[in-house]
Structures are given as C-alpha cells and as structure tokens.
Amino acid sequence: MTCPLLSILFLTLLLLFLALFPGAFNCCTKVSDEIPKGILRRVERFEIQTADALCHLEAVILYIEGRKFCVSPRIRKVKKWMKKHKIPRKKTHGRKHRRITKKKRNRNMMKQAP
C-alpha cells in the first residue's frame, strides 16, 4: 500500500522539478578547447551556457545539422565569431539563444570570399 503512494509522490516531484528547471538535464558537462577549422560556417544556431545553479560550466553550445557541440567560450575564434552574431539581451533559463538564418550565413560567407 505504501509503495504505490511513494511512487506517485516521487513521480509528482520529478515532474514538478522538470517543469521548474527545463534546462537542468541539457547542460554541457565538458567543453572542447579547440574548434575544427571551418565549423563555425556551418552553425545553425547557438546558445551560451552560464555557470549558474543548473549548469556548473560555462560553454558555447553550437548546433550543427541537429547535433550539439560544447566549446569553451574562451577560444579566440569563437569570441570573434560571437561578436559578429550578437545576441539580444533576452534571458531564458540561464541561456541566451540566437538562430542564424541561411541568408545571414550566406552573406557572411560572401564577405569572407576573396
């Protein structure tokens, strides 16, 4: 009799936690200190993960073809690239989001072409 009640209580608490902290299980746990050449051109969107209560590591999360890559925000190439793709001052769950459109990506590639 107590076991089903405890299970329901645990499930309720788990669902409440997930509702209050949606990003808690989506944090980068380690980052790369190097970034392969040319990868920044293929980034579809990115997020900045701050070291706060949910995620204990600063990172830049790059989304490329549906995959996520966690890199250090201290990499000079990444810092320079992020300055070009400024992020609005909107704060969502400790992360800042920025979607890069194909038009903007093509425009940036045209600027870089000789």
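The values are calculated or read from the model by the stated rules, or taken from the named source; none is laboratory data. The structure presented is a predicted model; accordingly, all values stated were derived computationally and were not measured. All Cβ positions, glycine included, derive from the backbone under ideal geometry; neighbour counts span all protein chains shown.
Any residue in segment 60-80 that is aliphatic (A, V, I, L, M), modelled with pLDDT under 90 and either assigned to a helix (DSSP H, G or I) or over 13 Å from the mean Cα position of the chain (by Cα) (or both)? So far as segment 60-80 goes, no, none of its residues is aliphatic (A, V, I, L, M), modelled with pLDDT under 90 and either assigned to a helix (DSSP H, G or I) or over 13 Å from the mean Cα position of the chain (by Cα) (or both). The set of residues in segment 1-48 being among the small types (Gly, Ala, Ser) and either modelled with pLDDT under 90 or more than 15 Å from ILE75 (Cα to Cα) (or both) consists of SER7, ALA19, GLY23, ALA24, GLY38.
Answer with yes or no whether LYS102 is surrounded by fewer than 14 Cβ atoms within 10 Å (Cβ to Cβ) and at pLDDT 80 or above. Give the steps one after another, and end with the answer.
Details: surrounded by fewer than 14 Cβ atoms within 10 Å (Cβ to Cβ): yes; at pLDDT 80 or above: no.
So LYS102 fails the test.
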